[in-house]
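See structure below.
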Amino acid sequence: MRCPWIPLSLLLLTSCHRHYIVREPLTAQQIIQWSSEGVAPEEIIRKIDASGTVFVLDSRDVVQLTERGVDPRVIDHMMETYHRDLRQRYRYREYYYYPPPPVGFGWYGPYW
């Protein structure tokens, strides 16, 4: 009689493995192309969120996107991706923050 534990344990070990999906980041040129093709702004925003791309836009980029016909809601959302990323990084930084020692027990000890 065969032991069913070996295949079952292998199945359990492989099911715990995380599978990461590598997504290609979007470019501003793709956003411009979708806008010129007539894709709805809500659909472009959904694609930006699904890709996880963080756009760092300066004023020249915003002017270029506006001149090429990108909807202002899409541009605002592209700028918001950077701010969301900063907030998320700051949130992780706060998690590992240790407060300073109480008064009197600083770097020089209680008799300073």
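The values are calculated or read from the model by the stated rules, or taken from the named source; none is laboratory data. Remember, predicted model here, so these are calculated numbers, not experimental data. We place every Cβ from the backbone using ideal geometry, glycine too, and count neighbours over all the protein chains shown.
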Within region 29-41, count every residue that is surrounded by fewer than 16 Cβ atoms within 10 Å (Cβ to Cβ) and touching a residue at least 24 places away in the same chain (Cβ under 8 Å). 1
Between D58, D76, which is exposed (fewer than 11 other Cβ atoms within 10 Å of the Cβ) and either of a type in the set (A, V, I, L, M, F, W, C) or free of Cβ contacts under 8 Å to residues at least 40 places away in the same chain (or both)? D58
Which residue out of R23, R2, R89 is of a type in the set (D, E, K, R), more than 22 Å from the chain's Cα centre (by Cα) and modelled with pLDDT under 95? R2
Criterion: at pLDDT 80 or above and among the acidic types (D, E) - qualifying residue of E80, E94: E80
I need the full set of residues from region 61-73 which are of a type in the set (D, E, K, R) and surrounded by 15 or more Cβ atoms within 10 Å (Cβ to Cβ), in order please. D61, D71
Could you list, in sequence order, all residues of region 33-55 that are closer than 14 Å to E80 by Cα and outside any helix (DSSP H, G or I)? G52, T53, V54, F55
Verdict on R68 being at pLDDT 75 or above, of a type in the set (K, R) and over 22 Å from the mean Cα position of the chain (by Cα): yes
